[in-house]
Structures are given as structure tokens and as C-alpha cells.
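K.L.:
Below: one structure in C-alpha cells.
Derivation of every value follows stated rules applied to the coordinates shown; laboratory data play no part. Nothing here was measured: the structure is a model prediction, and the numbers come from that model. Cβ atoms come from the backbone with ideal geometry, glycine included; neighbour counts cover every protein chain shown.
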Amino acid sequence: MSSTLLSGNEAVARGAWEAGASVGVGYPGTPSTQALEVFARMEGVYAEWAPNEKVALEVAAGASMGGARALVTMKHVGMNVAADPLFTLAYTGVGAGLVIFVADDPGMHSSQNEQDSRNWGPFARVPVLEPADSSEALEFTRAAFEISERFDIPVIVRSTTRLSHSKGVVDLTRDRISTEPREYLKDIGKWVMMPAMARARREALDERVRQMSEFAEDSQLNRIEMRDPTLGIVASGVCYQYVREALPDASVFKLGISFPVPEKALAAFAAQVDRLVVVEEADAYLASKLRSLGLDPEPVGLPAAGELSPGIIASALGAEAPATRNSVSGLPPRPPLMCPGCPHRGAYNALRKVKAIVTGDIGCYTLGALAPLASMDSCVCMGASIGMAHGMRLAGQGSDRPVAAVIGDSTFAHSGITGLIDLAYNGSDALVCILDNRITAMTGHQQNPVSGMTLQGRPTTEIDLEALCRSVGVRRVRTVDPHDLAAAEQAVREEVAADELSVIIFRAPCALLIKDKEQPFAVDEESCTACGLCIRLGCPAISKEQDGKARIDTTICVGCGDCVQVCRFSAIELTGPACDIGGV
């Protein structure tokens with residue numbers, strides 16, 4: 001097979017494999033997740049999910065130091081977590097090639113904020129490469145390992161949602177290069193960043209950036225396409241594809257290296273066109289750089305936030321928008337919902353009963369903020385729920401309404417443990433609810449330190465959450481099945497009444513992990529009083545008829561029985577020959 005269709009994520013994995021990377025480490029986060037999953041299935045590699053992105057980069061740094069080429073994967077917010085080692089690794093440099101694949105999410109399709117990871121380039125003084133399609137994702141990733149070793153520096157390959165998830169034709173004819181690890185040579189002046197060594201490496205880093213700047217001027221990763229000189233556009237990444245579709249006659253400076261930029265080449269391009277325009281998503285990163293060079297690109301009114309498209313670009317520049325498929329109007333809205341049988345529903349039902357102020361976290365359970373559950377008050381970043389619950393108590397909240405933190409098992413391992421240590425150390429009396437569904441569900445059911453399985457399918461230890469919580473100083477720790485609604489409510493009521501820190505572990509597997517579903521339930525129309533209690537569970541299998549009575553779609557009901565427990569009129573029963581009634 002000489003070529004095939006690959007997504008940008010798949011192409012990055014292939015490029016790392018072809019480059020001889022033998023170690024891959026990351027933390028799952030849409031839109032980057034698939035890259036490491038694909039890499040993990042390739043021959044001759046070791047891959048793992050780390051508890052968080054900081055650890056992932058540190059593991060990869062050790063592999064690089066030891067002589068093995070390493071790939072690290074994460075989404076844009078993960079770069080915030082990995083920033084601590086990143087800045088110092090720019091000083092130390094690498095052993096074997098070290099490449100960080102980061103996927104941004106313009107438009108926030110699956111993220112809590114927009115970030116522009118190109119900014120990490122000048123901030124940390126590391127090169128940033130931006131492929132524009134799947135073919136370039138492979139080529140640029142291969143090139144990134146060469147650049148990393150040539151300039152003794154970690155290299156960032158930046159993608160976006162559109163590139164990561166779109167497919168393009170990729171050439172697969174090249175063989176993998178040698179994966180033999182380099183020899184490790186002890187060098188404390190390079191690897192031990194005590195102040196005296198760090199000062200020397202800081203000066204060396206400036207020289208490496210200067211050399212990279214010279215390299216960027218002539219690199220084939222950048223490309224000038226001269227067409228009509230009346231309009232010249234500077235673009236990078238997938239925005240280049242939008243420009244080519246929206247403005248096929250425009251001259252384009254396509255930047256494959258967004259740090260360091262080729263300053264002389266950009267100035268020469270600007271001198272050849274009548275109008276100079278920058279097309280970019282997220283931050284005005286390139287526009288600011290061009291202005292600092294005295295090139296003064298023309299503002300054209302592109303939106304400062306969100307994802308661009310060929311139509312948006314054409315409209316901003318007064319061109320005819322390219323033809324697109326007509327959207328279908330009049331469809332009912334489809335808000336995101338927890339799955340039928342989701343164990344998080346029982347935990348939120350209990351928290352709602354006590355009218356708790358709930359500081360939330362990142363995961364499927366974030367949907368608990370939406371109606372009809374409406375039982376979560378905040379969502380900021382991974383692990384924030386625990387510290388924010390403590391902060392709410394410090395602000396005096398909790399006298400009228402109890403304060404509780406909600407966090408998933410994978411997120412707790414990612415960055416919740418240190419928050420719990422803080423609460424125990426400082427004597428907080430908040431309630432922490434760990435929703436342990438045995439998987440990292442939101443990003444596609446990746447394994448984690450609680451699930452007992454590694455990325456490559458090796459059985460491993462499971463974190464003993466109860467023992468861990470007690471070991472950091474929490475004396476009140478209990479485990480509850482969230483599908484037992486009465487037990488869940490009793491546990492919450494008892495723990496919010498306690499005058500010390502407590503943890504409830506709500507443990508039940510993600511509904512999508514259960515292969516053998518229970519017998520579905522149905523509603524007896526004659527017994528249903530249209531009270532709406534079952535509707536308030538927010539289960540997608542339960543809907544309301546025009547007369548207000550409930551209906552259960554037995555094709556998606558998994559038989560968890562939550563609705564049976566809230567119905568006060570015994571109107572919900574198992575389906576079967578003796579119960580072939582409403583909703584069947």
C-alpha cells in the first residue's frame with residue numbers, strides 16, 4: 001500500500017513511527033487523543049498514558065536523555081500542565097529527538113477555553129511546526145525529530161481540531177529509520193540545571209534560537225506561492241487550506257514554522273504584494289510578529305475568537321464565498337446528555353437532594369451542570385473542584401447549603417490528589433465526591449491508573465482510592481454504589497453533616513463498559529401520574545408525552561433501575577410478556 005487516507009492524528013503517529021520514535025507518552029484529551037492510541041498499536045514501540053501531561057513530558061524527557069526518540073501528546077490545556085518541565089528542557093536540550101504534539105481547539109468544540117499553542121514557541125524558546133494537512137502532519141513530525149536533534153531542543157508540532165480529525169492522502173512508501181538508542185554520556189553541565197549550569201545553558205539556548213532562525217529562512221517547511229500580487233496572505237496550519245479554498249488567486253506565504261519565523265523571507269514577500277493580510281485563528285500571533293518587523297498587515301475584520309472557515313475568510317476579504325452544502329433547518333436541538341445508565345446520575349441526584357453547592361471538574365460528569373440535573377456550579381480545569389470547594393468554605397459558604405467537590409477517577413489521578421492533600425493538611429471540612437466509573441470516559445474510554453490496564457493492554461495495579469485518601473489524612477472515607485439512590489442520598493446527608501473532611505467514592509462502571517445489559521423498563525400509563533420525578537433524572541431514555549406522562553424508549557434503556565427508585569407510584573416496571581405496556 002503506497003498511500004492511504006489518514007487523519008491528522010493518525011499521520012502524526014505514523015510520522016513519529018517512521019522517524020524511529022520508540023517511546024510515546026501522553027494524557028488523553030480531544031482533539032489529540034487518537035495520535036497516541038494509533039502510535040501504541042505500531043510495531044516496535046512502547047506507549048503509555050501518564051497520570052497527567054507534566055509526568056508525560058518528564059517520562060519522555062528521560063527517554064530522550066537515555067537515547068530513545070520520544071513523542072509526547074496532549075491537547076492545548078495540557079500544555080499548561082507540562083509547562084514546568086518544558087521551559088527547563090529548552091535549556092537542557094535533548095539526547096535523542098523529543099517532539100511534543102499538541103492539538104488546539106479553536107471554537108471550543110470539546111474544551112473549556114481557547115488557547116493558541118504557537119505562543120509557547122517564543123515563550124519557551126522552542127521551535128513550533130504547523131502542518132496544514134495529513135500529509136504534512138506526517139512529514140513535519142518526521143522533520144521535527146531531525147530538527148530536535150540538530151538544534152538540541154524539544155520541538156512542538158501544533159495541530160487544531162480540524163486538522164486532527166480530517167483525513168487526507170498520505171504517502172506510506174518510506175521505511176522506518178533505525179530505532180537503536182543513542183549512547184548515554186553523563187554530562188551534568190547539560191542535564192543538571194543548578195543555577196551555575198542553567199546560566200550557561202541559557203546563553204547556549206539563545207545561540208540555538210539564532211541558528212534556528214537562520215534555518216527557518218531557507219527551510220522547505222515554509223513555502224511562498226506567488227499568484228496575483230494585489231493580495232498577499234500569510235497563513236499557517238489549517239488556515240492555509242481555508243485561504244486556498246476561499247481565495248484561490250491570492251499569493252500566499254505558507255508558514256510551516258511559526259517559531260522562529262523567517263523574518264527576511266516574510267519582508268521580501270511583503271514587498272512583492274500590494275496588500276498584506278494575515279489569516280489566523282485564536283491569537284493574533286503572526287500579525288503581532290509582522291507588526292514588530294514593521295510590515296503592518298492590513299486588518300480585515302476576521303473574528304478574534306472561534307474557528308475560521310473559507311466562507312468567513314471570503315466574506316471578510318470581499319470575495320464570493322465558496323459553495324457549501326446547505327444546512328438542514330428545523331431539526332430539534334440535541335443538547336449533550338449523560339448516557340442511559342450513567343452512574344454519575346445517582347451521585348448528582350443525591351447532591352441535589354441536599355441542595356449542595358457543587359464545584360465540578362472536567363469529565364462526562366460536567367454535564368451535571370445542565371438541566372434537568374442542574375447540580376453543578378463550576379468547572380474550571382482538571383483538579384480544580386477540590387481546591388475550589390475548600391475556597392468556598394473559606395469564603396463562608398456552607399452554613400445554608402453544604403459545599404461538595406465532584407471529580408472523576410482519572411481526573412483525580414491527574415491533578416486531584418494534591419488538592420485533597422491540601423484540604424487534609426489545612427483542616428477543611430468540605431465533602432469530596434470521587435466518581436469512579438473505572439475509565440477515562442469523556443475522551444473515548446482510555447485506561448487510567450484506576451482502571452487496572454495500561455494503554456497497550458497490559459494488566460497493572462489499580463489505585464486503591466480508599467487507602468490513598470486515608471493515607472493523606474482523610475479519616476471519613478466511604479464507598480457507595482450510585483445506582484442505589486437511597487444509599488447514595490444517605491451517604492451524602494451524613495457526610496455533609498460531618499464537621500471534618502470526608503470523601504465519598506461513588507463506584508460503578510461506565511454504562512458503555514457493560515456488555516450484558518439488564519432487561520429494560522417501561523412505564524405503565526395507567527399508573528403514571530405525570531409527577532416528573534423520573535424526568536428530572538435526565539436520562540435520555542425517558543421522555544415526556546404531550547399529556548405529561550413519562551415514556552421509556554426500551555431500545556436505549558439499559559435497565560439500571562434508577563427511575564424505578566424515584567417513582568413513588570410503582571409506574572415503572574420491567575418489560576416482558578407480563579409487562580408489554582407504555583413505551584414498548
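K.L.:
Distance between the C-alpha centers of segment 83-122 and segment 463-512? Whole Å please.
P.N.:
36 Å
K.L.:
Sorted from largest down, give the three principal axis spans of the alpha carbons of segment 521-574, whole angstrom values.
P.N.:
24, 20, 18
K.L.:
Rounding to the nearest 20 debye, state how big the charge dipole of segment 3-218 is about its Cα centre with +1 on each Lys and Arg Cβ and -1 on each Asp and Glu Cβ.
P.N.:
With only Lys, Arg, Asp and Glu charged at Cβ, the dipole is about 420 debye.
K.L.:
What is the Å³ per residue value for the convex hull set by the Cα atoms of the chain? List each step's numbers first, then the result.
P.N.:
Values: hull volume 111.4 nm³, N = 584.
Cα-based convex hull of the chain, divided per residue, equals 191 Å³.
K.L.:
Can you grab the distance from the C-alpha centre of segment 255-279 to the C-alpha centre of segment 28-68, Å, no decimals?
P.N.:
34 Å
K.L.:
Also, I was wondering about something else. Within segment 1-35, name every residue whose backbone N is under 20 Å away from a label modeled 7 Å from Cα of Arg174 along the Cβ vector.
P.N.:
1-24, 35
K.L.:
How many nm separate the modelled label positions at Arg401 and His445, each set 7 Å beyond the Cα in the direction of the Cβ?
P.N.:
The answer from the label model is 3.6 nm.
K.L.:
Taking +1 at the Cβ of each Lys and Arg and -1 at the Cβ of each Asp and Glu, which of Ala511, Val358, Thr440 sits farthest along the dipole of segment 344-513 towards its positive end, judged by Cα position relative to the Cα centre?
P.N.:
Ala511
K.L.:
When the Cα centres of segment 308-343 and segment 366-403 are compared, how far apart do they sit, in Å?
P.N.:
32 Å
K.L.:
A further question follows. Which cross-chain or sequence-distant (5 or more) residues have an amide H under 5 Å from the amide H of Ser111, H modelled 1.01 Å from N in plane?
P.N.:
Residues meeting the criterion, in which the H sits 1.01 Å from N, do not exist here.
K.L.:
Further, regarding this structure: For labels at Ser570 and Asn326 in the simple 7 Å Cα→Cβ model, what's the distance in nm?
P.N.:
If labels sit at Ser570 and Asn326, their model points lie 5.5 nm apart.
K.L.:
What do you get for the angle between helix 195-218 and the principal long axis of the chain? Use alpha-carbon atoms, 0 to 90 degrees, nearest ten.
P.N.:
Taking Cα atoms only, the helix is inclined about 70 degrees.
K.L.:
Further question: With label points built 7 Å along Cα→Cβ from the Cα atoms of Lys353 and Ala374, find their separation and express it in nm.
P.N.:
2.0 nm
K.L.:
Determine the alpha carbon to alpha carbon distance for each of Lys167/Lys254; Lys353/Lys515; Lys75/Lys289; Lys254/Lys289 and list only those over 22 Å.
P.N.:
Over 22 Å apart, Cα to Cα: Lys353/Lys515; Lys75/Lys289.
K.L.:
Averaging sequence separations of C-alpha pairs under 8 Å and six or more residues apart, then dividing by the length of segment 223-316, give the relative contact order as a whole percent.
P.N.:
Reported relative contact order: 32 percent.
K.L.:
Please give the charge dipole size of segment 344-513, origin at the Cα centre, charges +1 on K and R Cβ atoms and -1 on D and E Cβ atoms. Round to the nearest 20 debye.
P.N.:
200 debye
K.L.:
Further question: With unit charges on the beta carbon (Lys/Arg positive, Asp/Glu negative), name the residue among Met197, Ile463, Ala56 whose Cα is farthest towards the positive pole of the charge dipole of the chain.
P.N.:
Met197
K.L.:
Okay, moving on. Between Ser471 and Leu337, 0.36 nm times their residue separation minus their Cα-Cα distance comes to what?
P.N.:
44.7 nm
K.L.:
With θ taken as phi - 60° and the coefficients 6.51, -1.76 and 1.60, list the Karplus ³J(HN,Hα) couplings across segment 127-135 in order, rounded to whole Hz; mark glycine and proline as x.
P.N.:
x, 10, 9, 10, x, 10, 7, 5, 4
K.L.:
Given the Cα-Cα distance of Gln272 and Leu512 and 0.36 nm per residue of separation, how much length would full extension add, in nm? It would help to have the intermediate numbers written out before the result.
P.N.:
Working: separation 240, 0.36 × 240 = 86.40 nm, distance 5.76 nm.
Here the segment from Gln272 to Leu512 would lengthen by 80.6 nm.
K.L.:
Would you please give the residues with an amide H less than 5 Å from that of Ser251, counting only those at least 5 places away or on a separate chain, with H modeled from the backbone geometry?
P.N.:
Arg227, Asp228, Leu231, Ile233
K.L.:
Assigning unit charges at the beta carbon (Lys, Arg +1; Asp, Glu -1) and nothing else, what dipole magnitude in debye, to the nearest 20, does the chain show about its Cα centre?
P.N.:
Computed charge dipole of the chain: roughly 580 debye.
K.L.:
Multiply the residue gap between Glu494 and Arg182 by 0.36 nm, knock off their C-alpha separation, and tell me the result in nm, one decimal place.
P.N.:
That pair, Glu494 and Arg182, stretches by 106.5 nm at full extension.
K.L.:
Moving on. Among Thr173, Ile535, Ser428, pick out the residue whose Cα is farthest towards the positive end of the charge dipole of the chain, where Lys and Arg carry +1 and Asp and Glu carry -1 on C-beta, about the Cα centre.
P.N.:
Among Thr173, Ile535, Ser428, the one farthest towards the positive end of the dipole of the chain is Ser428.
K.L.:
Can you give the local net charge around Ala40? Use residues other than it whose beta-carbon is closer than 14 angstrom to its beta-carbon, Lys and Arg +1, Asp and Glu -1.
P.N.:
-1
K.L.:
Taking only C-alpha pairs under 8 Å that are 6+ residues apart, what is the relative contact order of the chain in percent?
P.N.:
Relative CO of the chain lands at 11 percent.
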